[in-house]
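To start, the structure under review is shown below, and the notes come after it.
Bear in mind that the values in this text are calculations on the coordinates, not laboratory data. Everything quoted here is computed from the prediction, not taken from an experiment. Note that each Cβ is placed from the backbone with ideal geometry, even for glycine, and that neighbours are counted across all protein chains shown.
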Amino acid sequence: MTDRRKARGVIATTASIVASILIVLVLFDICRSNTISAAFHGWPLWVLWSLILVGIIAYYGYLGYARHAYREMKLLSPIALLLGAAGTVAGMKGYVEAGGALIFLAYIIEMIVGRKLYYDYREESEAGAVLFILGVTLFVVSLPLALVRVKLVILGIIGDIVKLEGLILVLAALLRRRTGERLA
């Protein structure tokens, strides 16, 4: 692995860790307030906009890092970012269900891209890659359940924390790796 590819992997994975932490904060607030609309007011709204910015940073990093996920990342991630922004605007305007649905679609794309990214992450850390894809899947599957019963957002929190653990393992592996070295 070149130093440049490693650096882009570190940037992308670090941005994904930041995004994961921010997502958990919003999900906890939704759980606390017992309403999805909480995400579109006050500080959680600022967090949603911050997620778009962090997503752009992650996108840039992954384009220089991902080999297996490159094509999906390049084609689908901009669509996911636009859907996330549109969902945030819809929620701000009071169309909470529409906003939630658009954000859900954005995360379905994340799961599709994440499935390919799993192969890139597996080259760094097998355990990290498995936790990452399991967490992404649980998180995305839980989102429509939270629209039926808000307290089920706890499943999304668990999924995101599992994903976060995987990302931390991958980042640690990236930081330990020297150019050209492959970790077991």
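May I ask you to evaluate 6.51 cos²θ - 1.76 cosθ + 1.60, the Karplus curve with θ = phi - 60°, for each residue of region 157-170 and list the ³J(HN,Hα) values in order in whole Hz, giving x for glycine and proline?
Per-residue couplings from phi come out as 5, 4, x, 5, 5, 4, 4, 4, 4, x, 4, 5, 5, 5 Hz.
Around Met73, with a cut-off of 12 angstrom between Cβ atoms, what is the net charge of the other residues, counting Lys and Arg +1 and Asp and Glu -1? Kindly include the intermediate steps, with their values, before the conclusion.
Working: positive: Arg8, Arg67, Arg71, Lys74, Arg115, Lys116; negative: Glu72, Glu110, Asp120.
With Lys, Arg at +1 and Asp, Glu at -1, the neighbours total +3.
Could you please tell me the mean projected area of the C-alpha convex hull for region 3-174, averaged over all directions and given in square nanometres to one decimal? Don't jump to the answer; show the numbers that get you there.
On the way: hull surface 32.8 nm².
It is 8.2 nm².
Order of Lys74, Lys116, Lys151 from fewest to most other C-beta atoms within 10 Å? The partial results should precede the final answer.
Values: Lys74 14, Lys116 17, Lys151 11.
Ordered from fewest to most neighbouring Cβ atoms within 10 Å, Lys74, Lys116, Lys151 come out as Lys151, Lys74, Lys116.
Using alpha-carbon positions, what is the distance between the centroids of region 2-39 and region 100-133, in Å?
Distance between centres, Cα-based: 13 Å.
List, in order, the whole-Hz ³J(HN,Hα) value for each residue of region 70-83 obtained from phi through the Karplus relation with A = 6.51, B = -1.76, C = 1.60 and θ = phi - 60°; use x for Gly and Pro.
Working through the residues one at a time gives 4, 4, 5, 4, 5, 7, 9, 4, x, 5, 4, 5, 5, 4 Hz.
Under 13 Å from the Cβ of Thr35, count the other residues' Cβ atoms, weight Lys and Arg +1, Asp and Glu -1, and hand me the total. Present the calculation step by step, with values, prior to reporting the outcome.
Numbers: positive: Arg32, Arg149, Lys151; negative: Asp29, Glu97.
Charge balance near Thr35 sits at +1.
What number comes out for the charge environment of Tyr107, summing +1 per Lys or Arg and -1 per Asp or Glu over other residues with Cβ under 12 Å away?
Net local charge, Tyr107 excluded: -1.
Based only on other Cβ atoms within 10 Å, what is the fewest-to-most ordering of Met1, Met92, Met73?
On the way: Met1 18, Met92 15, Met73 23.
By the 10 Å Cβ count, ascending: Met92, Met1, Met73.
Which whole-number percentage describes the relative contact order of the chain, with Cα contacts under 8 Å and a sequence gap of 6 or more?
Numbers: 282 pairs, mean separation 49.3, N = 184.
Relative contact order, the chain: 27 percent.
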